[in-house]
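Following: one structure in structure tokens, then a few remarks.
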Amino acid sequence: MDPLILGAIVAAMTILVLFSGVSVALGLLIVSGGFLLVFDGLRSLELLPEIFFGKLDSFALLSIPMFIIMGSSIASTRAGADLYEALERWLTRMPGGLVISNLGACALFAAMSGSSPATCAAIGKMGIPEMRKRGYPDGVAAGSIAAGGTLGILIPPSVTMIVYGIATETSIGRLFLAGVVPGFMLVVLFMAWSLYSTKRSGNKELLATVRYSWRQRFEILPRVVPFLLIIVGVLYAMYGGVATPSETAAVGALLCLVIAMIIYRLWHPKDLWVVLRDSTRESVMILFIIAAAGVFSYMLSSLFITQSIAEWIGTLDVNRWVLMIAVNIFLLIAGFFLPPVAVILMSAPILLPIITSVGFDPIWFAVVLTINMEIGLISPPVGLNLYVINGIAPDISLKTILLGSLPYVACMIIAIVLLCLFPSIATWLPDLVMGVSL
């Protein structure tokens, strides 16, 4: 059978299996095993256990559970609420300062936790009720938090970037640095829209400010600054040559647990067990997907599907930007239905050779891919962040949350366009800190 036709059949079967309700990892194993059995025979299955466990035999993978513990220990405390409160006290004098505070808190909490759902939950529990109380429309209150939560997979340390680095054998340090400037660019775009929509509403209640004394502003900082120092310390250790990403993640996880125990009195064994249990569950899920995606990639390569797709695209006489638009559309659609980790592990090994062959930078592409995944987090039918917000504020309909987040989707599309026009937005900082990659 022609490999391209076979690839189309594999894609259709994968979609059907995943839509059946089985987990992503199990679905990939079922599809991989089934096609190898049919086209390569029973003996091909003997290699699957070795490939499955071989994909997990990487020291870099240790950074995933460590960063997850780091984020989980922060999310299990009042750190998100304190961060939100601190920014509210310092930014409340600005027009629309409350929504600006929420977005700033989302950006900082994302940097601390690396998780979009955790960011939505931690900041949304405080921010949404407060914005609604002050007169902000439900769509603005919910949409801004849903969009701000997506920053968790772009601003370092990001588990998504780690997965991309492992899947494509790209430097995780460079990927982290590449997400910094685009991440803050998105924050600025989100804030700009928020200020514009606030002024456009003409509601004087939204422009009203609550005055806080200097004492009230400074008294909240000791509860927030230690966590921010950990983030700075983690990044310094990583880029200062002090430690590898895995070692840095382990130290960061330990420090976050210690600070959570000291500042927020998280020393009860039951509370610590919840942190470790949830972290283990999420880590195993991601590692299971990584291993299953390795088997899936082996199946595609063994049946010459990957090579044939790359050759076919290489023969197309199209402008490379037309190709990039097609790739972005594919990523957007995939992000609507699958979690970011699954999309990256399934598509990156196929797309990266194509992208690099036409002259695009793999580090730059990682940022573009991640922003596409951010759009998927606030787009139906999966739209994980939409459901997290709906769980926090069940009286706000999903339709209202979605409509409120749509302007922020437009901001992300603008960010992708800016990255295409000015790739150095993503590549400048990694090249400055780590040197120009060859």
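Based only on other Cβ atoms within 10 Å, what is the fewest-to-most ordering of SER279, SER58? Please report the intermediate quantities before stating the final value.
Details: SER279 22, SER58 13.
With the fewest neighbours first, SER279, SER58 line up as SER58, SER279.
By how many nm would the segment from VAL225 to ASP2 lengthen if fully extended, with 0.36 nm per residue of separation less the alpha-carbon distance?
Working: separation 223, 0.36 × 223 = 80.28 nm, distance 5.92 nm.
So the chain would gain 74.4 nm between VAL225 and ASP2.
Between PRO340, PRO129, PRO49, find the one with the highest GNM mean-square fluctuation for the chain; connect C-alpha pairs within less than 10 Å.
Judging by the Gaussian network model, the answer is PRO49.
List PHE360, PHE365 from most exposed to least, where exposure is judged by having the fewest other Cβ atoms within 10 Å.
So the ranking, lowest neighbour count to highest, is PHE360, PHE365.
Using a Cα-Cα cut-off of under 17 Å, which lysines could be cross-linked to LYS55, ignoring same-chain neighbours fewer than 8 residues away?
Those lysines meeting the cut-off do not exist here.
With r defined as the distance between the Cβ atoms of LEU418 and PHE330 and R0 fixed at 22 Å, what FRET efficiency is calculated, to the nearest 0.05? Numbers along the way, then the final one.
On the way: r = 21 Å, r/R0 = 0.93.
The calculated FRET efficiency here is 0.60.
If we count every other residue with Cβ under 12 angstrom of ARG277's Cβ, Lys/Arg +1 and Asp/Glu -1, where does the sum land? Spell out each step's value before the answer.
Working: positive: LYS270, ARG281; negative: ASP271, ASP278, GLU282.
Around ARG277, the charge tally is -1.
Going through the DSSP H helices of the chain, which span 20 Å or more along their own axis at the Cα atoms while scoring at least 0.0 as a mean Kyte-Doolittle hydropathy? Show your work: numbers first, answer last.
On the way: long enough: 3-19 (24 Å, 2.62); 24-40 (23 Å, 2.24); 97-113 (23 Å, 1.68); 116-133 (24 Å, -0.03); 180-201 (32 Å, 1.08); 225-239 (21 Å, 2.33); 245-263 (26 Å, 1.99); 269-302 (49 Å, 0.82); 320-337 (26 Å, 2.11); 340-357 (24 Å, 2.01); 362-377 (22 Å, 1.59); 398-421 (34 Å, 2.28).
Both cut-offs are met by 3-19, 24-40, 97-113, 180-201, 225-239, 245-263, 269-302, 320-337, 340-357, 362-377, 398-421.
Would you look at the GNM of the chain, springs on alpha carbons closer than 10 Å, and say which of GLY233, GLY252, GLY383 moves the most?
Of GLY233, GLY252, GLY383, the Gaussian network model singles out GLY233 as fluctuating most.
Less than 19 Å apart at the alpha-carbon level, and either on another chain or at least 8 residues along: which aspartates and glutamates does that give for LYS133?
Of all the aspartates and glutamates, those that pass the test against LYS133 - Cα under 19 Å, at least 8 places apart if same chain - are ASP82, GLU85, GLU88, GLU205, ASP395.
Given the -39500 (n - 2.57) contribution per DSSP H run of 4+ residues, what per-residue ellipticity at 222 nm results for the chain, rounded to the nearest 500 deg cm²/dmol?
Details: 23 runs with 338 residues, N = 438.
Value at 222 nm, helices only: -25000 deg cm²/dmol.
Taking the number of other C-beta atoms within 10 Å as the exposure measure, put TYR196, TYR84 in order starting with the fewest.
Details: TYR196 12, TYR84 28.
If I rank by nearby Cβ atoms, fewest first, I get TYR196, TYR84.
Just to be sure I understand: if I project the alpha-carbon convex hull of the chain onto a plane and average over all orientations, what area do I get in nm²? Walk me through the numbers before you get to the answer.
On the way: hull surface 87.9 nm².
Over every viewing direction, the Cα hull of the chain projects on average to 22.0 nm².
With +1 on each Lys and Arg Cβ and -1 on each Asp and Glu Cβ, and nothing else charged, work out how big the dipole of the stretch 47-434 is about its Cα centre, in Debye to the nearest 20. Could the numbers behind the result be given before it?
Values: 22 positive and 20 negative charges, 298 e Å.
Using only the charged Cβ atoms, the result is roughly 1440 debye.
How much length is gained on full extension from ARG265 to GLU247, taking 0.36 nm per residue of separation minus their Cα-Cα distance?
Values: separation 18, 0.36 × 18 = 6.48 nm, distance 2.59 nm.
So the chain would gain 3.9 nm between ARG265 and GLU247.
Between VAL181, VAL38, VAL368, find the one with the highest GNM mean-square fluctuation for the chain; connect C-alpha pairs within less than 10 Å.
Largest GNM mean-square fluctuation: VAL38.
Please find the FRET efficiency linking ARG200 to LYS133, where r is the Cβ-Cβ separation and R0 is fixed at 25 Å, and quote it to the nearest 0.05.
On the way: r = 21 Å, r/R0 = 0.84.
Efficiency for this residue pair is about 0.75.
Note down the relative contact order for the chain as a percent, whole number, built from C-alpha pairs under 8 angstrom at least six residues apart.
On the way: 605 pairs, mean separation 113.7, N = 438.
That works out to 26 percent.
May I ask you to list the aspartates and glutamates whose Cα is less than 18 Å away from that of LYS270, ignoring any residue fewer than eight positions away on the same chain?
Cα-Cα hits under 18 Å: ASP278.
Please identify the longest segment of the chain free of exposed trypsin sites (Lys or Arg not before Pro), where exposed means a DSSP state other than H, G, I, E or B and no more than 14 other Cβ atoms within 10 Å. It would help to have the intermediate numbers written out before the result.
On the way: sites that count: ARG93, ARG211, ARG265.
The longest uninterrupted stretch comes out as 266-438.
Once you place label points 7 Å from the Cα toward the Cβ at ARG215 and ALA81, how far apart are they in nm?
Each label point lies 7 Å from its Cα, and together they span 2.3 nm.
Quick note: the coordinates plus some simple rules give every number you see, no bench work behind them. Remember, it's a predicted structure, so these values are computed and weren't measured experimentally. For neighbour counting, all protein chains shown are included, and Cβ atoms are generated from backbone atoms with ideal geometry for every residue, glycine included.
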